[in-house]
């Protein structure tokens, strides 16, 4: 993928919201008492986040955020990954820093002192396995161009950007600066569209961005149809193929579609146990694909690897792999 790969320090550097996930098991009464939207994701402010965190039973903390999950997946596959996301110099910022490093991902901030705290997603898991998420984005959504590490981005074969971070002007500019740095360094640029509502908010900007600065895009069926304002999936895919080098479109239980020029490569869904929790499936699919591309795999083989890693993540709770992903690659791609 990169004829100067041996000179690169990292396979992929990711940019996104730096969020600490806090998971606690609760009963139905907790959901009612705190007037939570069961099974949904609600954005909350700092005061609400603090009160809810204090009320939750002791639980599990994990460094998270969509692109952060993808970087962890790449590291667990045996690749080299770094991450840029903004945290505060507080308890949650310390945890995010330590947990990312322990997962094998290079993370060095930026960290801010005072002001908005580190982002967190407070997740209540009820006995029926439903997840209720309350997210406080904190300082993470204010990543600025001054926070972008030019040397770090230039040292990676691929820059991977998270669509969720596109909601604030300051963060948009930071992503544009990062993409320009990657382009100047002959690195490739990947973008995940993240969510249909993100697409609805930023449709035209993202169409322009795909045509101008992005090599690879990760999306799903709903998002790509929203991007081109059509219910005709094939038409949307055809339009997408004209914008980027390659697109990876996840299709849930139908697997995924790899799009490159006139080529349409169908990738079957893999099965590793049952479906327990689909959280992080798209994030880990991207990690498999990106790792494969950085190893020089074909588009089809990279798509299959993405499918294998996604199958592992949906077989258990949480967006962190529990299986040996490097072993999964060896066995699954024979």
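A few comments on the model shown:
- Search result, residues across region 308-331 that are in a helix (DSSP H, G or I) and under 20 Å from residue 161 (Cα atoms): 309, 310
- Options 144, 154, 129: the member that is closer than 15 Å to residue 189 by Cβ and surrounded by fewer than 24 Cβ atoms within 10 Å (Cβ to Cβ): 154
- Among (1) farther than 19 Å from residue 140 by Cα; (2) in contact with a strand residue (DSSP E or B) (Cβ under 8 Å, 6 or more places away or on another chain); (3) outside any loop (DSSP other than H, G, I, E, B); (4) touching a residue at least 40 places away in the same chain (Cβ under 8 Å), the one test that residue 38 misses: (3)
- Candidate set from region 45-92 (those that are over 14 Å from the mean Cα position of the chain (by Cα), in a helix (DSSP H, G or I) and touching a residue at least 40 places away in the same chain (Cβ under 8 Å)); member that is surrounded by the fewest Cβ atoms within 10 Å (Cβ to Cβ): 46
- Counting only residues that are part of a helix (DSSP H, G or I) and either touching a helix residue (DSSP H, G or I) at 6+ places or on another chain (Cβ under 6 Å) or at pLDDT 95 or above (or both), region 222-253 holds 15 of them.
- Taken over region 167-178, the residue count meeting the criterion of being crowded, with 23+ Cβ neighbours inside 10 Å and either touching a helix residue (DSSP H, G or I) at 6+ places or on another chain (Cβ under 6 Å) or part of a strand (DSSP E or B) (or both) is 3.
- Taken residue by residue, region 259-275 has no member that is within 30 Å of residue 124 (Cα to Cα), surrounded by 24 or more Cβ atoms within 10 Å (Cβ to Cβ), touching a residue at least 24 places away in the same chain (Cβ under 8 Å) and touching a strand residue (DSSP E or B) at 6+ places or on another chain (Cβ under 9 Å).
- Among the candidates 182, 178, residue that is touching a strand residue (DSSP E or B) at 6+ places or on another chain (Cβ under 8 Å) and in contact (Cβ under 8 Å) with a residue 60 or more places away in the chain: 178
- Test: residue in region 280-288 that is modelled with pLDDT of 95 or more and in contact with a strand residue (DSSP E or B) (Cβ under 8 Å, 6 or more places away or on another chain): yes
The values are calculated or read from the model by the stated rules, or taken from the named source; none is laboratory data. Small disclaimer: the values here were computed from a predicted structure and weren't measured. Positions of Cβ are backbone-derived with ideal geometry, glycine not excepted, and every protein chain shown enters the neighbour counts.
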